[in-house]
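Undergrad: Can you keep this structure in mind? I'll have questions shortly.
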Amino acid sequence: MLKRIGVSSQALLAGVVGAGAMAAFMIVPEYTSPADARPIVIETPGDAPVSFADLVEQVSPAVVSVNVVSLRDSAGGFEEFMERFRDMPGFDEFMERRRGENDEQEPEQQEARSLGSGFFISEDGYIVTNNHVVEGATEIEIVLDSGDALEATIIGTDPQTDLAVLKVSEPGSYPYVEFAHDADLRRGDWVVALGNPFGLGGTATAGIISAQGRRNQLGRSSTYTDFLQIDAAINRGNSGGPTFDLHGRVVGVNTAIFSPTGGSVGIGFAIPGDLASQITSTLIRDGRVSRGWLGVTIQDLTADMAEAQGIEDEGAIVADVTDGSPAEEYGLERGDIILSVNGDDIADATELTRMVGSLLAGSNNEFGVLRDGEQITVSVTVGERPEDPYGDVRPALSDDNVTDETEGPLGVSVKPLNPELRQELDLDDDEVGLVITEMESDSPLREAQIRSGMAILEINGRPMASEEDMQRAIESAREAGRDKVLVAVRVGDVTTFRTVEIGETD
């Protein structure tokens, strides 16, 4: 065939070899590997478990199922059932009609049953579980690994960390496990979860710690808890159950899952064992957890907020001071940036809340504060945190009126507070501020989630008594070379700080 087209096999072979050599010469980059460079290679750990059977066998007797009977509004149970149909067309309209019909009727209560998990932490029968498992319980039944059922009572609960302690009514000697203290956990460590998912008591799943320090991923308040994220399968009914390390110590109390379906997708959250140990010991001793209270509404000091004031972005900013609180009594003010407590630096609002919560009610403490660019120390005797420290947040004063014809600073029209508005906003009689009456559709305040009906109390620490005050504060910031201002906004009876872009010209 080759000879038919006048090309010898030797010539073709030489051409192919030559082309290949040239291509190699042209496209391979010049590269010199360092003499000491090595790829990442990990030897197989000698202590990697072949099976978790021995661990599960030894800790299982301490793990229990928690069966709860409670009374619930019948409408609440119906709405919980209907949530699975939320994405269907007409869902919202149907639920709205249903609620309207229920508003005209007396609420009915019906008996509800729920399942959870728990575990013994003492020989005499104390059990740890989640607060949400036993909340509102009228009866609690504990089912042991052997299948025996025992009655239990609530010793104490802490909704802030979602922990509860129960005690079985029947005296006896019970197998128990202990919490891990200073476990030095790392991402990738093996863990084993035991519990009662979907009523299947004695279920064991294994996985690893996939992350630590999760705070805000649960869709609910987690001020006092940095959660462990684990990838061992956790489902409904696992709540309150233990997650063990390979030594059989409890490193976490399972509390929630992240799931669009309601079932496990491999992302679960657990309360760290050292925190659970501290809280449950307090509940056994006192029946409740008493936290220190300062009486301020605080926010993280973001980089934008700090930039707007020309300061470093560390600490927590005081958005509001509660009337009659220790903070008001001892002189903390709105706009103060709290940098430290008793000499310990504060990174953000959550750290401050936890630190104050750990203080003894009635103790005197030193707060390092940045006020008007100057660092000062404020001594405060903290109180005891009340059940509802801040009350309900009321809505803004009026609907969001948007117009394209408004003229004024940053595209808004404002009017000063009068006595009626101060009363509605729960402000002192001498408090000044400006209520936004109209707002342009392209106002930069809209980007900061500020709307008509809200009240502007301060801009960069300056009280706002008139539209001229607002204009002067903006011009002053621009003269200082800043393109943002920090605005104190009142919504209902709560003040928050927002960062607003002002640009170079109005």
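The values are calculated or read from the model by the stated rules, or taken from the named source; none is laboratory data. Since the structure is predicted, the reported quantities are computational estimates derived from the model, not experimental observations. All Cβ positions, glycine included, derive from the backbone under ideal geometry; neighbour counts span all protein chains shown.
Undergrad: Out of Pro171, Pro159, I need the residue that is closer than 23 Å to Val251 by Cα and free of Cβ contacts under 8 Å to residues at least 60 places away in the same chain. Which one?
TA: Going through Pro171, Pro159 in turn, just one is closer than 23 Å to Val251 by Cα and free of Cβ contacts under 8 Å to residues at least 60 places away in the same chain: Pro159.
Undergrad: Select from region 188-205 the residues that are surrounded by fewer than 19 Cβ atoms within 10 Å (Cβ to Cβ) and over 7 Å from Gly237 (Cα atoms) and list them in ascending order.
TA: Listed by number, the residues that qualify are Gly188, Asp189, Trp190, Leu200, Gly202.
Undergrad: Condition first: β-branched (Val, Ile, Thr) and more than 19 Å from Glu123 (Cα to Cα). Now tell me which residues in region 144-184 satisfy that.
TA: Once the filter is applied, which keeps residues that are β-branched (Val, Ile, Thr) and more than 19 Å from Glu123 (Cα to Cα), region 144-184 yields Thr157, Thr161.
Undergrad: For region 136-158, which residues satisfy the criterion of being among the acidic types (Asp, Glu) and farther than 19 Å from Asp286 by Cβ?
TA: Selection gives Glu139, Glu141, Asp145, Asp148, Glu151.
Undergrad: Give, as residue ranges, the helices (runs of 4 or more DSSP H) completely inside region 69-142 that count at least 2 residues that are at pLDDT below 60.
TA: Here the list reads 74-82.
Undergrad: OK, next. Out of everything in region 284-302 that is of a type in the set (A, V, I, L, M, F, W, C) and in a strand (DSSP E or B), what residue ends up being surrounded by the fewest Cβ atoms within 10 Å (Cβ to Cβ)?
TA: Result: Trp293.
Undergrad: Further question on the same structure: Among the listed residues Arg472, Arg422, which satisfies the condition of being surrounded by 17 or more Cβ atoms within 10 Å (Cβ to Cβ) and free of Cβ contacts under 8 Å to residues at least 24 places away in the same chain?
TA: Of Arg472, Arg422, the one residue that is surrounded by 17 or more Cβ atoms within 10 Å (Cβ to Cβ) and free of Cβ contacts under 8 Å to residues at least 24 places away in the same chain is Arg422.
Undergrad: Could you identify the single residue in Val265, Val251 that is assigned by TED's automatic domain parsing to the domain that holds Ile209, surrounded by fewer than 15 Cβ atoms within 10 Å (Cβ to Cβ) and not charged (D, E, K, R)?
TA: Val265
Undergrad: I'd like to know if region 164-183 contains one or more residues that are within 21 Å of the chain's Cα centre (by Cα) and surrounded by fewer than 20 Cβ atoms within 10 Å (Cβ to Cβ).
TA: Looking for residues that are within 21 Å of the chain's Cα centre (by Cα) and surrounded by fewer than 20 Cβ atoms within 10 Å (Cβ to Cβ), one finds none in region 164-183, hence no.
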